[in-house]
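The values are calculated or read from the model by the stated rules, or taken from the named source; none is laboratory data. Just so we're clear, the structure is a prediction, and the values are computed from it rather than from any experiment. Every residue, glycine as well, gets a Cβ built from its backbone with ideal geometry; the counts of neighbours run over all protein chains shown. Keep in mind that these areas ignore ligands, DNA and RNA; they rest on the heavy atoms of the full protein, side chains included. Shrake-Rupley method; radii C 1.70, N 1.55, O 1.52, S 1.80 Å.
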Amino acid sequence: MEPEKTPLYKMHLGAGARIVEFGGWLMPVQYTSILAEHRAVREAVGLFDLCHMGEIEVTGPQATDFVQRVATNDASRLAVDQAQYSLLCDENGGVVDDVLVYRRPEGYLFVVNAANTTKDFAWLLRHRLPACSVEDISRQTGMLGLQGPLAEATLQPLTDVALATMPYYHCRQGNIAGVGGNTSRALISRTGYTGEDGFELFCGWNDVVALWRTLVAVAAPPALCGLGARDTLRLEAAMPLYGHELDEHTNPFEARLGWVVKLEKPEFVGREALAAIRHAGPRRLLVGLEIVDRGIARNGFPVLSNGQVVGAVTSGTFSPTLQKSIALAYVPTEMAQIGAEFSVDVRGRPLSARVVPLPFYKRKK
Amino acid sequence: MPEVRQQLKYTKEHEWVRPTDDTAVVGISDYAQEQLGDVVFVELPAGGTEVTQFETFGTIESVKAASDLYSPVSGTVVEVNAALKDRPELLNQSPYDEGWLVKVKLKDRRELDVLLSPTEYDTLIGSLE
């Protein structure tokens, strides 16, 4: 299948981006340097094209019942304009996707991983209730990320939404004043995938170019950031990436996402299996590894203890903030304590690794 | 456009070699460092190691990926660029000068004849762009 392009594709090329295919989309992996883009988000502000992400809207009288049935977190706790991290799990407790669920005046909005949009939509339709409508609005919805400690200062002069009083995981519909007097309507959400303060902005698919132009035209423009920096940022913050830390053969408890599985809420898909897994305890656990030796432990590399393969790396990189080689890996639960020592087979070379607390990086409030 | 330095010989795997009398300095091209992105670790052989033309002699880890290094010539490593241990970014900033990798005592100068000239290498990367 031919990869798709977001409306910003030509702007990325014009900005000198290197393009890669990700989740069926041609996306910028970096504009200048992953390290420089990473640093910009930690220290100032960065702008990301997130139009590849999927958006699925749920409306109708049974919308809440439906969301409660398909997602593991408790959507009844959401106020209008509030968001929560949640999971779609199958009947075996395997993770179909990790998602953000927004409660909106008209219903709910799921923001899902690009590569999973089609699968998620089909899965949601399969579990649909009679009095609710499920619509894939991914191609009508543009999405940008504005992330970093200066995100609020960058965005506030452009919008009528009072950002200072908008808490984390809340959103507001507002106007973003554009260049040449154009105004973009956007849903401004205080969320992100970087471990920093910041916003995710949703607007019409065809409005996203104008919104991008607006954001890069400010006096101190955000650094343009690609998927490379997005990955190193999320990994430092120990946020899972579907396909790496999560998949259909992974359950939320081993991924340390038990906090988004609300077994006490009414019946939902996967509940029985998830209750059994929680009762038995997960057999393996996701841990943070610091690679003591020089080298990078990447996805799929074996993790060894006393010469035996006991697990595998799911993601690994050089942490630009910590200046250390870090990785996430699954290891047997009984070996998952902080300080436990392993070796990672990096192309035949055993590198020493040690379990460290997660997240690797936490911003100062 | 990436720089193709004159007076060097190149491999198809994007290493360069600068021969002097009986030794040669080896590095990676500007095109290679651009493709790799930010280099964070460089694994090089110790001094005294024998290397063989077109066989791997080390690895470069960038944030994105690990890439093998292929030796443009056969011989004995006589010097390793120690600065790269603490400053791997020299490979990005100065691939033809400060970011050199190893110095090799040449086993057979005739091996240089099968390497690409700057013009040939320029054509190669032009076809890859």
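Please work out which residue is nearest to the other protein chains (Cβ to nearest Cβ), limiting yourself to the range A:1-22 and to residues that are open to solvent by less than 30 Å² (accessible area, probe 1.4 Å) and not β-branched (Val, Ile, Thr).
In the first step, residues of the range A:1-22 are kept if they are open to solvent by less than 30 Å² (accessible area, probe 1.4 Å); the result is A:6, A:8, A:12, A:17.
Retained after the next criterion (residues that are not β-branched (Val, Ile, Thr)): A:8, A:12, A:17.
Values: A:8: 21, A:12: 16, A:17: 12 Å.
For the range A:1-22, the residue satisfying everything is A:17.
Identify, please: which residue in the range A:175-194 is β-branched (Val, Ile, Thr) and open to solvent by 10 Å² or more (accessible area, probe 1.4 Å) and is, among those, modelled with the lowest pLDDT?
Result: A:179.
Can you work out which of the residues in the range B:60-83 that are open to solvent by less than 10 Å² (accessible area, probe 1.4 Å), under 13 Å from the mean Cα position of the chain (by Cα) and within 26 Å of residue A:301 (Cβ to Cβ) is farthest from the other protein chains (Cβ to nearest Cβ)?
B:71
Name the one entry in A:85, A:108, A:102 that is surrounded by fewer than 21 Cβ atoms within 10 Å (Cβ to Cβ) and either hydroxyl-bearing (Ser, Thr, Tyr) or under 24 Å from residue A:227 (Cα atoms) (or both). Spell out how you get there, then give the answer.
Details: A:108 fails: surrounded by fewer than 21 Cβ atoms within 10 Å (Cβ to Cβ); A:102 fails: surrounded by fewer than 21 Cβ atoms within 10 Å (Cβ to Cβ).
On inspection, the qualifying residue turns out to be A:85.
Mind checking which residues of the range B:47-59 are within 14 Å of chain A (Cβ to nearest Cβ) and small (Gly, Ala, Ser)?
If the condition is that a residue be within 14 Å of chain A (Cβ to nearest Cβ) and small (Gly, Ala, Ser), then B:58 is the only one that fits.
Can residue A:160 be described as among the charged types (D, E, K, R), closer than 20 Å to residue A:270 by Cα and in contact with a strand residue (DSSP E or B) (Cβ under 6 Å, 6 or more places away or on another chain)?
Values: among the charged types (D, E, K, R): yes; closer than 20 Å to residue A:270 by Cα: no; in contact with a strand residue (DSSP E or B) (Cβ under 6 Å, 6 or more places away or on another chain): yes.
So residue A:160 does not fit the description; no.
Report the residue count in the range A:190-222 for those that are at negative phi and not in a loop (DSSP other than H, G, I, E, B).
Number satisfying all stated conditions: 18.
Which of the residues spanning the range B:21-52 are touching a residue at least 60 places away in the same chain (Cβ under 8 Å) and more than 19 Å from residue B:1 (Cα to Cα)?
We begin by selecting, within the range B:21-52, every residue touching a residue at least 60 places away in the same chain (Cβ under 8 Å); these are B:22-33.
Across the range B:21-52, the qualifying residues are B:22, B:23, B:24, B:25, B:26.
Quick one: count up the residues across the range A:126-158 that are part of a loop (DSSP other than H, G, I, E, B) and not hydrophobic (A, V, I, L, M, F, W, C).
Of the range A:126-158, the ones part of a loop (DSSP other than H, G, I, E, B) are A:127-132, A:137, A:148-150.
Restricting the remaining residues to those that are not hydrophobic (A, V, I, L, M, F, W, C) gives A:127-128, A:130, A:148-149.
Counting residues in the range A:126-158 that are part of a loop (DSSP other than H, G, I, E, B) and not hydrophobic (A, V, I, L, M, F, W, C) gives 5.
Please go through the range A:23-46 and pick out each residue that is within 17 Å of residue A:205 (Cα to Cα) and buried (at least 24 other Cβ atoms within 10 Å of the Cβ).
A:27 - this is the single residue of the range A:23-46 that is within 17 Å of residue A:205 (Cα to Cα) and buried (at least 24 other Cβ atoms within 10 Å of the Cβ).
Quick grid of which residues meet (1) within 14 Å of another protein chain (Cβ to nearest Cβ); (2) surrounded by 24 or more Cβ atoms within 10 Å (Cβ to Cβ):
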residue: A:222; (1), (2): no, yes
residue: A:225; (1), (2): yes, yes
residue: A:232; (1), (2): yes, yes
residue: A:239; (1), (2): no, no
residue: A:245; (1), (2): no, yes
residue: A:248; (1), (2): no, no
